[in-house]
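Each remark here refers to the structure printed beneath this line.
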Amino acid sequence: MKLWAVGDEFFVGTFRLMGAGGTVVEDPEEARREVERLLEEGDVGVVLVSQTVADSLGDAFSSYIERRDLPLVLAIPDGRTPAKGVEEVMRVLRASLGVTF
């Protein structure tokens, strides 16, 4: 399973240095199309979306993170937008995986 990053050039480049794949997006519509494409890929296990991009997607992003199928979609702090906090990540993990921490 692949790890894939979606965000600006710096965000994606950072994850590429760690061996992940990635797609640089310029606007919310491009980001939406890319995340939806990744949801259909059979070999992507986790999609990491920059917090700035996630915020720009609004309710659409909420529907991605609440899915109970792979790939798991998570928003990651990107330096431009503050993190939503550990509680949000834990809520997503519970909703996606059905696991209680």
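Here are some notes:
- Among residues of region 41-79 being touching a residue at least 60 places away in the same chain (Cβ under 8 Å) and surrounded by fewer than 18 Cβ atoms within 10 Å (Cβ to Cβ), the one that is farthest from Leu3 (Cα to Cα) is Gly79.
- Test result for Val92, modelled with pLDDT under 85 and not in a loop (DSSP other than H, G, I, E, B): yes
- Check on Ala83, of a type in the set (A, V, I, L, M), surrounded by fewer than 17 Cβ atoms within 10 Å (Cβ to Cβ) and modelled with pLDDT under 90: yes
The values are calculated or read from the model by the stated rules, or taken from the named source; none is laboratory data. Given the structure is predicted, the values throughout are model-derived calculations rather than measurements. Cβ atoms come from the backbone with ideal geometry, glycine included; neighbour counts cover every protein chain shown.
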